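S.K.: I have a structure here, written as structure tokens, and I will follow up with some questions on it.
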Amino acid sequence: MIPKKEIIDAFEFRHATKEFDATKKLTEEDIQFILQAAHLSPSSFGFEPWHFIVVQDPALRELLKPVAWGAPLKLDTASHFILGLSMKAPMTKWDSEYIAHMMKEVKQFPKDVIEMYSKFYREFQERDFKLDSDKKLFDWASKQTYIALGNMMTAAALHGIDSCPIEGFDQEKTEALLANEFGVDTTKYGLSYMVAFGHRKAAPAHPKTRRELASIVTWK
């Protein structure tokens, strides 16, 4: 087990790195470790409504710059740059082929469990969370994909690797680019975030600031 102090130290170390040292590259072992943290992340019902594109081609990185105002310096300097995609309604709706595949082929549920699980999942979508529109279903899937983002950044920080999550992009234009240049079926997937990994070029200019713990926690 990792000592608690080392975990807290990793959270203190992590910051939104604006510029990376372009001369320092992550090893293949490093990036596979980070991706494995995403792979093993929890998701609602365990349906893993995500996909990750690791963008290492310089030409593709250049194409992202005009549509992602928060990314150019990271695209130029990060060792690895990842696009976090979330599934859209055709993939995540309770009666979709993907959900049936997950239950039957991936989880290998027996028929009676599939029927029970399908009932619970349908009630969750239609009654409990009222996921009654394509946008609501995508936003719900994005929530799961953000869990993987947090785990990737934490895993990286535990090994002294820097990161920067990015939401500074035009979603419509970026998805058009993904469809035209990245081969993404945007009827099935949408972009939730970008995230860069590497090693910082310089120390943070300011210390980490947070509200007092007592102001964000209520005990009853």
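The values are calculated or read from the model by the stated rules, or taken from the named source; none is laboratory data. Computed from a predicted model, the values in this text were never measured in an experiment. Every residue, glycine among them, receives a Cβ derived from its backbone with ideal geometry; neighbour counts consider all protein chains shown. Keep in mind that these areas ignore ligands, DNA and RNA; they rest on the heavy atoms of the full protein, side chains included. Shrake-Rupley method; radii C 1.70, N 1.55, O 1.52, S 1.80 Å.
S.K.: Give the angle, between 0 and 90 degrees and rounded to the nearest 10, that separates the Cα long axis of helix 4-13 from the longest principal axis of the Cα atoms of the chain.
M.R.: Between helix and principal axis, roughly 70 degrees.
S.K.: Report the local net charge at residue 190: Lys and Arg +1, Asp and Glu -1, summed over other residues whose C-beta lies under 12 Å from its C-beta.
M.R.: Details: positive: 88, 135, 188; negative: 134, 139, 172, 175, 185.
Here the charged neighbours net out to -2.
S.K.: Per the helix-only calculation at 222 nm, which mean residue ellipticity applies to the chain, given -39500 (n - 2.57) for every DSSP H run of n ≥ 4 and division by its residues, nearest 500 deg cm²/dmol?
M.R.: Taking each H run of at least 4 residues, the total per residue is -12500 deg cm²/dmol.
S.K.: Carbon and sulfur together cover what percent of the accessible area of segment 62-220 at a 1.4 Å probe radius?
M.R.: Values: 5010 of 9080 Å².
Reported share for carbon and sulfur atoms: 55 percent.
S.K.: Have a look at 19, 167, 126 and tell me which one the Gaussian network model of the chain (Cα, springs below 10 Å) gives the largest fluctuation.
M.R.: 126
S.K.: As a quick test, which of the pairs 136/173; 25/135; 107/130 have an alpha carbon distance above 29 angstrom in this structure?
M.R.: On the way: 136/173 20 Å; 25/135 37 Å; 107/130 25 Å.
With Cα atoms farther than 29 Å apart: 25/135.
S.K.: Shifting gears a bit: Among 210, 127, 14, whose mean-square fluctuation peaks in a Gaussian network model of the chain (Cα, cutoff 10 Å)?
M.R.: It is 210.
S.K.: If the elastic network links every pair of Cα atoms under 10 Å, which of 40, 149, 177 fluctuates the most in the Gaussian network model of the chain?
M.R.: The residue with the greatest mean-square fluctuation here is 40.
S.K.: Can I get the semi-axes of segment 1-147's equivalent ellipsoid? Compute them from the C-alpha gyration tensor as square roots of 5 times the eigenvalues, in angstrom, largest first. Numbers along the way, then the final one.
M.R.: On the way: eigenvalues 237, 80, 45 Å².
For segment 1-147, the semi-axes come out at 34, 20, 15 Å.
S.K.: Taking the Cα centre of segment 17-117 as the origin and placing charges on Cβ (Lys, Arg +1; Asp, Glu -1), which of 116, 72, 35 is farthest toward the positive end of the dipole?
M.R.: The residue sitting farthest along the positive end of the dipole is 72.
S.K.: Right, here's the next one. Could you size up the charge dipole of the chain around its Cα centre, putting +1 on the beta carbon of Lys and Arg and -1 on that of Asp and Glu, and report it in debye to the nearest 20? Can you show the working numbers first?
M.R.: Details: 29 positive and 31 negative charges, 141 e Å.
Here the size comes out at about 680 debye.
S.K.: Kindly express, to the nearest 10 degrees and within the range 0 to 90, the angle between helix 134-158's C-alpha long axis and the longest C-alpha principal axis of the chain.
M.R.: Once rounded, the angle reads 40 degrees.
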